[in-house]
1. Is the stretch 179-197 home to any residue that is loosely packed, with under 10 Cβ neighbours inside 10 Å, in contact with a Phe, Trp or Tyr (Cβ under 8 Å, 6 or more places away or on another chain) and modelled with pLDDT under 85?
2. I'd like the residue in the stretch 83-108 that is under 14 Å from residue 163 (Cα atoms) and buried (at least 17 other Cβ atoms within 10 Å of the Cβ) and, out of all such residues, is modelled with the highest pLDDT.
3. Looking at the stretch 158-175 only, could you name the residues that are over 30 Å from residue 62 (Cβ atoms) and not polar (S, T, N, Q)?
4. Are any residues in the stretch 57-69 buried (at least 22 other Cβ atoms within 10 Å of the Cβ) and either among the hydrophobic types (A, V, I, L, M, F, W, C) or on the phi > 0 side of the Ramachandran plot (or both), and if so, which ones?
5. Which of the residues belonging to the stretch 150-162 are more than 22 Å from residue 189 (Cβ to Cβ) and in contact (Cβ under 8 Å) with a residue 24 or more places away in the chain?
Amino acid sequence: MGKLAELHNSTKAQALAEWAVVFPVQLFITLGVIQLALVLVARNVVTYSAHMAARAELVGADPHKAAAMICSPITWNTYGKRDTRVESDLGLTVKAQKEPGLVFPPPQWQGPPIDTPSYNFQEIFLPGWGVLDHSDISLLKTHTYATVPRDGHNDYVEVQVLYEFELIIPGVNWVFSTHRVAGHPHLGLLRTARLPTQWHNDDDGVKPHEYVKTVDTGSAP
């Protein structure tokens, strides 16, 4: 009985030691998967916001407001000064943030430099709904630029949307971060949308585009 008790205690001690080694790694991976899922959801939202910004540009509306309205549901309340030097929660500089492509704004951004905004808070009001939650912060964190504007001579419009997504999962948020806003890790998400115009202006006035027939793939009639 004494040997069995010693073996049982030894097995429990071994399991406890293994758990102490594996649990932090498993927790880090689990939190990382959660944060990655939130980033992918935000990426889809920003993609749709770019589409809506392009639609707004197409009809002469405000693309910035259109994009910020779509990004409001994924916006948290953090705002403040931006810092491009990303640090981990332990205060150690993350070396990977110095690599090309992990800076803010990203090199693909064609708009003007993004500086710390003047906080003249505005809100988006929707008729029949009221003030959209977090729309004031979303207007600050959403940046739009029409790379191909609506000017009556282009066959399409193209708009870039750069959104500063706040990473909220502690312990792993610095892994995805490109910059900080008021000390909180953020990720810059850049998406581009292009929509064809349905008309164009020339010297003879407004004319429709030439109709393009569907290509016959050889399917049976």
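The values are calculated or read from the model by the stated rules, or taken from the named source; none is laboratory data. Note that this is a predicted model, so its numbers are computed, not measured. Don't worry about glycine lacking a Cβ; one is built from the backbone with ideal geometry, like all the others, and counts go over all protein chains shown.
1. There is no residue in the stretch 179-197 that is loosely packed, with under 10 Cβ neighbours inside 10 Å, in contact with a Phe, Trp or Tyr (Cβ under 8 Å, 6 or more places away or on another chain) and modelled with pLDDT under 85.
2. The selected residue is 105.
3. Matches in the stretch 158-175: 169, 170, 171, 172, 174, 175.
4. 66, 67, 68
5. The first filter runs over the stretch 150-162 and keeps only residues more than 22 Å from residue 189 (Cβ to Cβ), leaving 150-156.
Residues satisfying the conditions are 150, 152, 153, 154, 155, 156.
Quick grid of which residues meet (1) assigned to a helix (DSSP H, G or I); (2) out of contact with any Pro (no Cβ under 6 Å at 6 or more places or on another chain); (3) closer than 16 Å to residue 177 by Cβ; (4) of a type in the set (Gly, Ala, Ser):
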{"site": "33", "(1), (2), (3), (4)": "yes, yes, no, no"}
{"site": "43", "(1), (2), (3), (4)": "yes, yes, yes, no"}
{"site": "47", "(1), (2), (3), (4)": "yes, yes, no, no"}
{"site": "67", "(1), (2), (3), (4)": "yes, yes, no, yes"}
{"site": "71", "(1), (2), (3), (4)": "yes, yes, no, no"}
